1. Select from segment 45-71 the residues that are crowded, with 19+ Cβ neighbours inside 10 Å and assigned to a loop (DSSP other than H, G, I, E, B) and list them in ascending order.
2. For segment 195-232, which positions are in a loop (DSSP other than H, G, I, E, B) and over 17 Å from the mean Cα position of the chain (by Cα)?
3. When you scan segment 126-135, do you find a residue that is open to solvent by less than 50 Å² (accessible area, probe 1.4 Å), closer than 30 Å to ALA198 by Cβ and within 26 Å of the chain's Cα centre (by Cα), even just one?
4. Every residue in segment 167-184 that is open to solvent by less than 80 Å² (accessible area, probe 1.4 Å) and either within 11 Å of GLY44 (Cα to Cα) or of a type in the set (A, V, I, L, M, F, W, C) (or both), please.
5. Search segment 136-152 for residues being of a type in the set (Val, Ile, Thr) and open to solvent by 30 Å² or more (accessible area, probe 1.4 Å), and hand back the single one that is farthest from LYS39 (Cα to Cα).
6. Can you name every residue in segment 72-114 that is open to solvent by less than 80 Å² (accessible area, probe 1.4 Å), in a loop (DSSP other than H, G, I, E, B) and over 23 Å from ALA161 (Cβ atoms)?
7. Would you check if LEU204 is touching a helix residue (DSSP H, G or I) at 6+ places or on another chain (Cβ under 7 Å) and surrounded by 15 or more Cβ atoms within 10 Å (Cβ to Cβ)?
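The values are calculated or read from the model by the stated rules, or taken from the named source; none is laboratory data. This is a predicted model, so every value here is computed, not measured. Methodologically, a virtual Cβ is constructed for each residue, glycine included, from the backbone with ideal geometry; neighbour enumeration extends over all protein chains shown. What goes into the accessible areas is simple: the full protein's heavy atoms, side chains included, and nothing from ligands, DNA or RNA. Shrake-Rupley method; radii C 1.70, N 1.55, O 1.52, S 1.80 Å.
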Amino acid sequence: MAALISTEGVRIGNVVKKEYWAESGFCRKAVTAYEASEKTYAIGTVLGKTLVSGSAAAVAGASNTGNGTMGSITVSAHARVGQYILRITAASGNAGAFEIRNSTGALVGTGNVASAFVGGGLAFTLADGATDFVVGDTFTITVTGTEKYKILENTASDGSAVFAGIYIGTASGFGSTTVAATTDTTVIILERGPAIVAKEALTLGASIDTAAEKAAVYAQMAAVGIIAEAQI
């Protein structure tokens with residue numbers, strides 16, 4: 001008679017070595033996972049996210065000098081829900097330059113007044129007005145939509161090639177889960193730090209297989225306070 005060998009799944013403690021205020025869920029978030037084909041998430045699976053049915057609206061700063069207006073904004077799957085701030089950085093007659101930063105303060109891109117801008121999942125033209133913009137004039141761009149999470153692959157073209165979280169369980173407990181094809185599934189992720197995770201316990205997408213590709217993901221994690229450390 002053949003011997004029976006039991007195996008044990010990955011536990012959250014194998015992945016998350018330290019997490020700020022874990023009892024409050026400070027670093028965690030319940031999100032919607034969605035995959036084109038059935039996928040199994042083990043604890044430690046690294047996820048990206050994409051924006052579905054995104055839209056955006058812009059509001060001019062109350063103290064703006066310039067009276068130019070924002071044209072219609074096209075939102076792609078690469079955009080992120082939240083507020084972007086457009087700020088005029090250089091003034092010029094019937095023109096000018098601007099920068100856009102996302103809700104974390106990270107630079108999304110730069111552009112010019114009266115010229116088409118494309119970046120960060122947004123596309124628009126900021127029109128010049130009868131009164132020119134001055135340095136410091138702003139617009140707040142609010143993006144809304146539904147964010148859906150999937151296994152991070154650096155070959156993805158829908159925005160999910162960027163780190164968005166680490167799967168750590170479901171609402172009913174900590175363990176692996178199966179995300180059925182084209183089915184919204186609620187999962188719990190480690191979204192931000194301060195936290196330390198074990199590199200060896202992370203499950204990366206099949207397209208992330210070189211040292212450089214892995215390092216890029218670890219850097220994206222570090223940017224939100226999640227440090228991936230090799231275990232001794």
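1. GLY66, GLY68
2. Across segment 195-232, the qualifying residues are LEU202, ALA206, SER207, ILE208, ASP209, THR210, ALA230, GLN231, ILE232.
3. no
4. Restricting attention to segment 167-184, the residues satisfying the condition of being open to solvent by less than 80 Å² (accessible area, probe 1.4 Å) are 167-170, 173, 175, 177-181, 183.
Passing the criteria: TYR167, ILE168, GLY169, GLY175, VAL179, ALA180, ALA181.
5. THR138
6. The answer is GLY93, VAL113, ALA114.
7. Here the answer is yes, as LEU204 does meet what is asked.
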